[in-house]
1. With viscosity set to 1.306 mPa s and temperature to 10 °C, compute the Stokes-Einstein D of the chain, Rh being the Kirkwood radius across alpha carbon pairs; µm²/s, no decimals.
2. Under 5 Å between amide H atoms, partner at least 5 residues away or on a different chain: which partners does M43 have, H built in plane at 1.01 Å?
3. Throw me the Rg/Rh for the stretch 1-159, computed over C-alpha atoms with Kirkwood Rh, two decimals.
4. Amide H of L28 versus every other amide H placed in the peptide plane: which residues, excluding those fewer than 5 positions away on the same chain, fall under 5 Å?
5. At a 10 Å Cβ-Cβ cut-off, how would you order S219, S54, S337, fewest neighbours first?
6. How much length is gained on full extension from Y379 to L12, taking 0.36 nm per residue of separation minus their Cα-Cα distance?
7. From the phi angles alone, apply the Karplus equation (6.51, -1.76, 1.60; θ = phi - 60°) to the stretch 207-219 and give each ³J(HN,Hα) in whole Hz, x where the residue is Gly or Pro.
8. Could you list which residues have their amide H under 5 Å from that of N217, counting only those 5 or more apart in sequence or on another chain, with H placed in the peptide plane?
Amino acid sequence: MNETMTICNARLRGRGDQLFDIVLENGLIQRIVAVGSPHEGTMIDAKGGLTTESFVNGHLHLDKVYTLAMAGQEALGEYNQGGMAGAMTAIERAADFKTAYDESWILPNVRTACDLAVKYGNTHIRAFADVDTKARLEGVHALLKARKEYRGRVDIQVVAFPQDGVVREPGAEDLMVQALEAGADVVGGIPWIEFTKADEQEHVDAMCALARRYDKNISMLLDDVGDPEERTLEMLCLKTIELGWQGRTTAQHCRAMLLYNENYFRKLTALLKQAGIGIVADPQTGPLHARVRELAAAGVPVALGQDDIADAYYPFGECNMLQVAFLAAHLLWMMRSEDMELLYDMITVNAAEVLGIKGHRLEPGGTADLVVLSESDVYHAIWYHRAPRYVIKDGVVIATNS
């Protein structure tokens, strides 16, 4: 059992300038009381800093971190230029180096990224690992080891991800089965990478069948290309409704959505709500993005993801979700105070909802996964995007930053 801890003099979102004491016990938030109540257990002084739920990263290719030098620069140009028309070519160009995949060098890279996640208060990551005939299961095995190693600091949801397709990549489906039997948490997919609409549907059907067979959640990269004819998000919505997998399916990217006409977009939004699908957007890693503001206004849960760290698709990144929110504020033109509050939701409570993480709210009974910031409000927290003063996981301080 964890000892009792009290976070004193904490400023909370939506509570103005009033300060509170937050009592944690056994990994949960027990009470939120007025400043001046008797302290219990270990004390942390928030000094008026904003205290919130810890950060949630809805999408990270954790097996690929720090591989840009190995993969080369060619894919970067294809993926980001020309309105993303060359996204498929970028993936193909970045595929060959995966023949060098080896758990022995992947795992140290993963540790570096996870250590940054701890520093920056990113305590939950949905982590993708490529599964194909080049990568084999090397990335999956590395992430499964990291999941165990970082338990109590970062909760890692391992996604088995057929990056190079299923229909066009014979043997990938069998490897997906092996990955799930090895312990992967989530079934991934990328149906738009297939060559025909029929093949895209087969990809969706096959991966959803695996999710049903192994009782797993689903997380697919959809329509991540500058082509308004790509409609694999619609396919996944319909399949999710058919399976009864509402609330268990997540859609990543959905960049082509920005090119859809308004009539189709509104129909798609209605389908998303029926299917209970949340969206993870990564506007910093490509020139197109999901229509975040409109989706949120319609009641579709939306999160942000880091997506990549120094790999063939994006040369930056440090597992700092406040930095991701800062970039999104510019790229999505979300500059008003209410926009920034939404962005903050998209890296905390909304992100938890999208990923199916229960209890991730700063309220009595909520999980004691928290950050104590130096800044006193969301605006300045996003503006400066500094590491939190304290990072708390399951009621235990796991990082302190000056």
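1. Using the Kirkwood radius from Cα pairs, D works out to 75 µm²/s.
2. T6
3. Values: Rg = 21.2 Å, Rh = 18.6 Å.
Looking at the stretch 1-159, the ratio lands at 1.14.
4. Result for L28 returns A368.
5. The order, fewest Cβ neighbours first, is S337, S54, S219.
6. In short, 130.8 nm is gained.
7. 6, 5, 5, 5, 4, 5, 4, 9, 6, 10, 6, 10, 8
8. Result for N217 returns V187.
Computed from the coordinates by the stated procedures, all read-outs in this text should not be read as laboratory data. Since the structure is predicted, the reported quantities are computational estimates derived from the model, not experimental observations. Neighbour counts run over all protein chains shown; Cβ positions are idealised from the backbone, glycine included.
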